Each structure stands twice: as C-alpha cells, then as structure tokens.
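The values are calculated or read from the model by the stated rules, or taken from the named source; none is laboratory data. Computed from a prediction, not measured in an experiment: that's the story for all the values here. When we count neighbours, we look across all protein chains shown, and the Cβ atoms used for this are built from the backbone with ideal geometry, even at glycine.
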Amino acid sequence: MVGTVPGATPIGTRAPVVDHGPRTGAKVALTFDADMTDGMLASLRAGRVKSYANLRILDLLEREQVPATFFLTGKWVQRYPDVTRRIAGNPRFELANHTYGHAAFTGDCYDLPRLPVDELVGDVARTFEVIAPYGGRQTRYFRFPGLCHDAAALDALAPLGVTVVDGDVVSGDPFATAWKPLVRAVLDHVRPGSVVIMHVTEANAAMTDEALPHILAGLRERGLVPAPLSEVLTGG
Ligand SMILES: [Zn+2]
C-alpha cells in the first residue's frame, strides 16, 4: 500500500507471524540475516575471524540486479556501517530488524545468549533506531534469532507495530561446509510466495556465496522470480 511502511501493524496488538506470501504468481523472497553477538565481535577483534560481512553476496546480487531483504542486527550495522550504507543505497534491497545483539528471548534456542522477554521491546526499538538513519527501503519486519518465539515474546512486541517473519525455506547455511546441500535445501522446497532464509555473515556461513549463483539459476529454471519481501508477502 502506498504511504505505509511495509510490515507495519496496529500498535498494541500481538505481532503477527508470517512464513510466506500467497502461493500464486512467481515471486519469492531471498532474505539474508546479519547476525552479530558479543562473541562474534570478540572473534573479529582477536583476529580469529576476518569478516562477518559477505561482500561477494552483495556483489552478485548487485551485478544480477536481484532484489533481497536483509535482517540486520544493531551490532552488525554498527560494525559494518559502510556495508549497511551499500545495502540501504540499493533500491532493490529492503532493510529489516533482527534484534540488537542476536540474543534469544525464549528458552532453549540453540546456544544463543538469552535475554528476559521484558527487554525485548527495548532491544528491538533500539535496533530500529540504529538502522533508520541509513534510509533506503526501511520496513517493520522483524525476525527472531533462531526463529525462537512464544506467545509472551509476540505479546511483548505489541508496542512496536511489527510483523514477525520466519520463513518457509531454511537454507541451512550457518556453519555449512559445502555449497551443494544449500542449493538442494532451497530448490527442493521453494514455491511461489516462499521466504528463503540465508545469512550474509561470511565466516559463520561460508558457503552461501558459492551456493547463491546455483540457487538463482534454479529459481529461473522453475520460473520463480526474486522480489522484495514486502512484494512477496502482499502478493503485490
Ligand atoms: Zn540470526
């Protein structure tokens, strides 16, 4: 809709959760999470890790003029302001929110550090404040780290007017050691309206840039067309 921010929902109501858009048409959303924890920052500082920003993914998406949506943590944006500017400057890219420091707000969410749910709204609001100055295609889409959420977490988001986006196609790219399984995981499950979850975190998702050209080729073969998340979810 013209004049509204994509993903914006009525303030004060439980945040809706969406996995995918309408199963009609040909559009699919490629989404890339930009995780950053204090542990990851420590690894960068210590020189154990070179980069958590996979520029080869951006190079490819830009060269092929492929739309994509980036779920950014506040700490990733603060560590990579130039890359964030590059994302925000691309009219085909949307910016979304993935918490400030990639903590979990429920129990038993992989090995993620946990924050109490009463800190969720402040954490997510702070992340919007970090992302907003970059402009570009801002949204009110939010993704929980590890996709971990429960009723209490969704209720806690009510003051922010966001849409929670999980996704229906998990590439499995974190800590992958080969690219072919990622291609298969995506192409075996992708359908019209799908939301594909990948990561732009390089050292923690080292095969994604190698898989991506094959994924794009496979989408073309299936007649599927990458589009911004807002278009996929609204069927627009
Ligand atoms: Zn994440």
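Scanning the stretch 58-73 for residues that are more than 16 Å from the ligand (Cβ to nearest atom) and not in a loop (DSSP other than H, G, I, E, B) turns up Leu58, Asp59, Leu60, Leu61, Glu62, Arg63.
Of the residues examined, Asp38 is one that is modelled with pLDDT of 95 or more, over 17 Å from the mean Cα position of the chain (by Cα) and of a type in the set (Asp, Glu). Would it be correct to say that Val77 is under 15 Å from the mean Cα position of the chain (by Cα), closer than 17 Å to Glu202 by Cβ and at pLDDT 95 or above? Answer is yes for this residue. In the stretch 1-41, of all residues being out of contact with any strand residue (DSSP E or B) (no Cβ under 9 Å at 6 or more places or on another chain) and outside any loop (DSSP other than H, G, I, E, B), the one that is nearest to the ligand (Cβ to nearest atom) corresponds to Met40.
Scanning the stretch 159-198 for residues being in a loop (DSSP other than H, G, I, E, B) and either acidic (Asp, Glu) or in contact (Cβ under 8 Å) with a residue 40 or more places away in the chain (or both) gives a total of 12. Residue count for the stretch 199-236 satisfying the condition of being part of a helix (DSSP H, G or I) and in contact with a His (Cβ under 7 Å, 6 or more places away or on another chain): 1. Of the residues making up the stretch 132-158, those that are out of contact with any helix residue (DSSP H, G or I) (no Cβ under 6 Å at 6 or more places or on another chain) and in a helix (DSSP H, G or I) are Ala132, Pro133, Pro145, Gly146, Leu147, Ala151, Leu154, Asp155, Ala158. Between Arg184, Arg143, Arg191, Arg126, the distinction of being in contact with a Phe, Trp or Tyr (Cβ under 6 Å, 6 or more places away or on another chain), more than 15 Å from the ligand (Cβ to nearest atom) and of a type in the set (Lys, Arg) belongs to Arg126 only.
To keep it simple, each residue is scored yes or no on (1) under 21 Å from Ala96 (Cα atoms); (2) surrounded by 17 or more Cβ atoms within 10 Å (Cβ to Cβ); (3) among the hydroxyl-bearing types (Ser, Thr, Tyr).
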site	(1), (2), (3)
Ala176	no, yes, no
Arg191	no, no, no
Ala205	yes, yes, no
Gly223	no, no, no
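Looking at the stretch 1-29 only, could you name the residues that are closer than 13 Å to Gly193 by Cβ and either surrounded by 15 or more Cβ atoms within 10 Å (Cβ to Cβ) or within 20 Å of the chain's Cα centre (by Cα) (or both)? Result: Val18, Asp19, His20, Gly21, Pro22, Gly25, Lys27, Val28, Ala29.
Just one of the listed residues (Arg92, Arg79) is without any contact (Cβ under 8 Å) to a residue 60 or more places away in the chain, surrounded by fewer than 23 Cβ atoms within 10 Å (Cβ to Cβ) and either basic (Lys, Arg) or more than 16 Å from the ligand (Cβ to nearest atom) (or both), and it is Arg79. Per the conditions (1) surrounded by 19 or more Cβ atoms within 10 Å (Cβ to Cβ); (2) more than 22 Å from Val77 (Cβ to Cβ); (3) more than 17 Å from the chain's Cα centre (by Cα), the sole criterion not satisfied by Leu157 is (2).
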